[in-house]
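For reference, the structure is listed below as structure tokens.
The values are calculated or read from the model by the stated rules, or taken from the named source; none is laboratory data. Note that the structure is a prediction, hence the values are computed from the model and not measured. Cβ placement follows ideal geometry from the backbone for every residue including glycine, while neighbour counts extend to all protein chains displayed.
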Amino acid sequence: MKALLAAAVLLTLLGCASDRKEPAESTEVAASVEAQQPPASERVFTVADEQGLRDQIERNWNLGSLAGASDLAGLVVELRIALLPDGTVTKIEVLNDRPGNATFQQVAESARRAVAISSPLKLPPGLDISDLTVRFRPDQVVQ
């Protein structure tokens, strides 16, 4: 289950839920959130939930001197984030590391900092989110 939103950060939530269809992708920037919900829960993961989580991290993401660089085209940094029930980030792991690629390493570090600064995340009420995957697309950041 996927939903595309206008954003520069792509969030994938594991352990939450949604039965939504994919809305149209924005032409400015692209992001999406996938959510799955435990069967016992009646709470549905909403577009507002997605937007809220994305915004919390995105506002702390600073590319610095890399902003607008041509070598960012198609670059995606994927992080797995472990969370406590209160939204505190306990672990940040780069899932698609590219050793030897200095630009990737800089973008990955900026993404890690954005997540760390955003801790604790304000989690949507009624949803149990313990694992979060965030995809950062630096070439889609609107300045």
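Examine the range 114-127 for a residue that is buried (at least 19 other Cβ atoms within 10 Å of the Cβ), polar (S, T, N, Q) and farther than 15 Å from Leu53 by Cβ, and state whether such a residue exists. No, the conditions are met nowhere in the range 114-127. It is to be established whether one or more residues within the range 99-111 are in a loop (DSSP other than H, G, I, E, B), small (Gly, Ala, Ser) and at pLDDT below 95. Among the residues of the range 99-111, at least one is in a loop (DSSP other than H, G, I, E, B), small (Gly, Ala, Ser) and at pLDDT below 95, which makes the answer yes. Sort out which residues of the range 128-143 are in contact with a helix residue (DSSP H, G or I) (Cβ under 7 Å, 6 or more places away or on another chain) and buried (at least 20 other Cβ atoms within 10 Å of the Cβ), and write them in order of number. Answer for the range 128-143, where residues must be in contact with a helix residue (DSSP H, G or I) (Cβ under 7 Å, 6 or more places away or on another chain) and buried (at least 20 other Cβ atoms within 10 Å of the Cβ): Val134, Phe136, Pro138. Sub-8 Å Cβ pairs linking a first residue in the range 50-63 that is within 11 Å of Ile117 (Cβ to Cβ) and in a helix (DSSP H, G or I) to a second residue that is at pLDDT below 90 and not basic (Lys, Arg), at least 6 apart or interchain, are Ile57/Val9; Ile57/Leu11; Ile57/Val134, ordered by first then second residue. Looking across the range 85-94, just one residue is surrounded by 13 or more Cβ atoms within 10 Å (Cβ to Cβ) and either polar (S, T, N, Q) or not in a strand (DSSP E or B) (or both), and that is Gly87.
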